[in-house]
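*Asks:* Let me give you the structure first, and then I'll get to my questions.
Read-outs throughout are calculated quantities, based only on the coordinates presented, and are distinct from any laboratory measurement. All figures in this text were calculated on a predicted structure; none of them were measured in a lab. A quick note on method: Cβ atoms are made from the backbone with ideal geometry, for glycine too, and the neighbour counts reach across all protein chains shown.
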Number of protein chains: 4
Amino acid sequence: MQLAIAVHSSLNKELEDKIKRFFENLKCNPTILVGGYWGGMKVVVDEAIMKKLKVVVILPEEREDVELPPDVIRINSGCEYRCRSVILVRSADLLVSLGGEVGTTIEIFMAYAMGKRALVLSDTGFSTDKLKTAFSEYLDNRKVMKVEYYSSPEDLAKEVCKPITQIKTNFG
Amino acid sequence: MQLAIAVHSSLNKELEDKIKRFFENLKCNPTILVGGYWGGMKVVVDEAIMKKLKVVVILPEEREDVELPPDVIRINSGCEYRCRSVILVRSADLLVSLGGEVGTTIEIFMAYAMGKRALVLSDTGFSTDKLKTAFSEYLDNRKVMKVEYYSSPEDLAKEVCKPITQIKTNFG
Amino acid sequence: MQLAIAVHSSLNKELEDKIKRFFENLKCNPTILVGGYWGGMKVVVDEAIMKKLKVVVILPEEREDVELPPDVIRINSGCEYRCRSVILVRSADLLVSLGGEVGTTIEIFMAYAMGKRALVLSDTGFSTDKLKTAFSEYLDNRKVMKVEYYSSPEDLAKEVCKPITQIKTNFG
Amino acid sequence: MQLAIAVHSSLNKELEDKIKRFFENLKCNPTILVGGYWGGMKVVVDEAIMKKLKVVVILPEEREDVELPPDVIRINSGCEYRCRSVILVRSADLLVSLGGEVGTTIEIFMAYAMGKRALVLSDTGFSTDKLKTAFSEYLDNRKVMKVEYYSSPEDLAKEVCKPITQIKTNFG
């Protein structure tokens, strides 16, 4: 399974803590896809490496010069942030949001638009928390796929490792 | 000025009516950028042509075979829907949403993330109406640029033609 | 008709002269697509404007800040040089090369790979001249579409304005 | 090291044999990047797996439904063939061509344009053989980086595993 993790490009202690709790409770071995190696994404990469997961970092053109730890696979997208996110989400079987601002929000919407499951951590203090209020079940009126909200990183990690049934949709 | 118009890929009578009222009240001559020639986007193109505006249609790879009216400029993006939207929004000075579902919502978030003004028609019956509830002013906690909500296409059209002061930002 | 013009990103007197002779002898009104507004591409844009042709400039992300003349349509690709060329060539009915280095060469190969006609000016002093020696008829063994070499900008301009029969192919 | 392998999208016995000889003689452990899982690219992936190398397949949108062997990392580019090649080449430290037609040729030119080393197998019977005749040293007049031609897959494999000094350039 390829698991995209959407998370804020900055970091605070609480976010770091939640990312660590997510990985500590992840009992399967997905390949981790992430959009950078800074902010929350850096912690994701470092935690995933410690668990010996395969890690792929898909970089926007603006940050292709970032150094990555050995054994991490680098994809230089050659394109800007949102375009990089398209590649990230399309390559994933499943998207997890651990909290973030507009970039993370866009990745959640992209997952929905591509017919991919999105598991969203709520109560993070970031803007992605607002999705639960506005879109409690579906992200649009087509009602294809429920967004799944979790308030604990532990529950989220457990859900990721359950066998999934993929529904594929693709909206224009 | 290059004006991107985000609007639903399907159509109903009410949406058609609002698009027409928007163009009837548009008293300046922006180049219109739009992401297809079907649903609400087809009405946008046809109305813009009637007003003798320059029109550019930026197509996703899946629909590059769509026929366009003469004099409309075709951009074949060579990439999927969301990637096509990146090009659409980046090329615009300003984005107007006339109502839509997840694709339109993503374009509004992209505009904000790229530091571009987004003028959003509310009370459309589409999912983009929910943004006003969840994000009454800003689309994330960075609070860079207020989203501007309008309940009438006439007011929206007037706002588009006011001189703008562009703020450029670009988030990762 | 949408005509992509591939040409060097630098300029010398001879290239400038040939671009001008090409436009002076262009007796039809294609929309001109070009990948920038510097070097030979700047002369292309300026000449096209003088002939009152519609002009679309498709910019790589690295140069999206370039100022363009009024009435020129700007497409900000959000991606790097070669990716920008994909959009340029895919959007064209026909590609003309007026001489260039590796970027121009890639655009000629892309046109062939996408099954589009490529008309190539030879004897320009640039690296694209070498294609005629190595690939006198076809750019690969599939032999889909002859590359057409011209030694004078006048003949090339005349050929562009002849009615075309498009062959569509797309190789992986 | 991330090694992109450019090779034909079809297959014959001779090509298969050369791919196998290349991998048999590869005495280091690069991560292999390749643009599909059909034709010569399928043999590349299968050989790399047998050598327990990490493998990343970067797919064009048209073929994102292709099934891949377990443990192979899938990148769904969301864009067409040439755009997929941009991501492939940008993500590589080094490009090896084992012979191919126009798609492979474009990837060699892209590597040069991005200032990356390209090692090209000659005498393959494919169109990439013509590059040696037309461009015996450099792919354009800027003469940044010699293309390196090899007539045996064994020598090519040895060269790949020598320590490299990367030169970075990026042409518009």
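*Asks:* Could you tell me which residue of the stretch B:132-148 is nearest to A:His8 (Cα to Cα), considering only residues that are within 14 Å of chain A (Cβ to nearest Cβ) and in contact with a Leu (Cβ under 8 Å, 6 or more places away or on another chain)?
*Replies:* Among those that are within 14 Å of chain A (Cβ to nearest Cβ) and in contact with a Leu (Cβ under 8 Å, 6 or more places away or on another chain), it is B:Leu139.
*Asks:* I've got another one for you. Would you call C:Met114 without any contact (Cβ under 8 Å) to a residue 60 or more places away in the chain, hydrophobic (A, V, I, L, M, F, W, C), away from chain D (no Cβ under 13 Å) and out of contact with any strand residue (DSSP E or B) (no Cβ under 8 Å at 6 or more places or on another chain)?
*Replies:* So C:Met114 fails the test.
*Asks:* If you take the residues of the stretch D:1-22 that are crowded, with 20+ Cβ neighbours inside 10 Å and assigned to a helix (DSSP H, G or I), which of them is nearest to the other protein chains (Cβ to nearest Cβ)?
*Replies:* Restricting to residues being crowded, with 20+ Cβ neighbours inside 10 Å and assigned to a helix (DSSP H, G or I), the top hit is D:Leu15.
Residue-wise test of (1) basic (Lys, Arg); (2) under 12 Å from the mean Cα position of the chain (by Cα); (3) surrounded by 24 or more Cβ atoms within 10 Å (Cβ to Cβ); (4) assigned to a helix (DSSP H, G or I).
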site: A:Gly115; (1), (2), (3), (4): no, no, no, no
site: A:Lys130; (1), (2), (3), (4): yes, no, no, yes
site: A:Lys143; (1), (2), (3), (4): yes, no, no, no
site: A:Lys146; (1), (2), (3), (4): yes, no, no, no
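*Asks:* Quick check, is D:Val96 more than 9 Å from chain B (Cβ to nearest Cβ), without any contact (Cβ under 8 Å) to a residue 40 or more places away in the chain and buried (at least 24 other Cβ atoms within 10 Å of the Cβ)?
*Replies:* So D:Val96 fails the test.
*Asks:* Here is a follow-up. B:Thr124 is checked against (1) surrounded by fewer than 16 Cβ atoms within 10 Å (Cβ to Cβ); (2) more than 9 Å from every other protein chain (Cβ to nearest Cβ) and fails just one. What number does that condition carry?
*Replies:* Status for B:Thr124: all satisfied but (1).
*Asks:* Oh, and also: When the residues of the stretch D:53-71 are filtered to those that are surrounded by fewer than 18 Cβ atoms within 10 Å (Cβ to Cβ) and within 18 Å of A:Ala92 (Cβ to Cβ), which remaining residue is farthest from the other protein chains (Cβ to nearest Cβ)?
*Replies:* So the residue we want is D:Glu67.
*Asks:* Which condition does B:Thr105 not pass, out of (1) more than 7 Å from every other protein chain (Cβ to nearest Cβ); (2) of a type in the set (S, T, N, Q); (3) within 12 Å of the chain's Cα centre (by Cα), if it passes all the others?
*Replies:* Only one criterion in (1) more than 7 Å from every other protein chain (Cβ to nearest Cβ); (2) of a type in the set (S, T, N, Q); (3) within 12 Å of the chain's Cα centre (by Cα) is unmet by B:Thr105, namely (1).
*Asks:* For the stretch A:23-45, give me each residue that is in a helix (DSSP H, G or I) and surrounded by 16 or more Cβ atoms within 10 Å (Cβ to Cβ).
*Replies:* A:Phe23, A:Gly40, A:Met41, A:Lys42, A:Val43, A:Val44, A:Val45
*Asks:* Quick one: B:Gly78 ticks every box in (1) more than 30 Å from C:Pro30 (Cα to Cα); (2) within 10 Å of another protein chain (Cβ to nearest Cβ) bar one, so which box is it?
*Replies:* (1)
*Asks:* Quick check on my filter: what residues within the stretch C:52-93 are touching a residue at least 60 places away in the same chain (Cβ under 8 Å) and not in a helix (DSSP H, G or I)?
*Replies:* C:Ser91, C:Ala92, C:Asp93
*Asks:* Something else now. Can C:Arg84 be described as within 7 Å of another protein chain (Cβ to nearest Cβ) and among the basic types (Lys, Arg)?
*Replies:* Judged against the criteria, C:Arg84 is not a match.
*Asks:* Can you tell me which condition B:Arg84 does not meet? The list is (1) surrounded by 24 or more Cβ atoms within 10 Å (Cβ to Cβ); (2) closer than 28 Å to B:Asn141 by Cβ, and all the others hold.
*Replies:* Condition (2) is where B:Arg84 drops out.
*Asks:* Take B:Ile49 and decide whether it is of a type in the set (Val, Ile, Thr) and crowded, with 19+ Cβ neighbours inside 10 Å.
*Replies:* For B:Ile49, the condition - of a type in the set (Val, Ile, Thr) and crowded, with 19+ Cβ neighbours inside 10 Å - is not met.
*Asks:* With respect to D:Gly103, determine if the residue is touching a residue at least 40 places away in the same chain (Cβ under 8 Å) and either assigned to a helix (DSSP H, G or I) or of a type in the set (Asp, Glu) (or both).
*Replies:* yes
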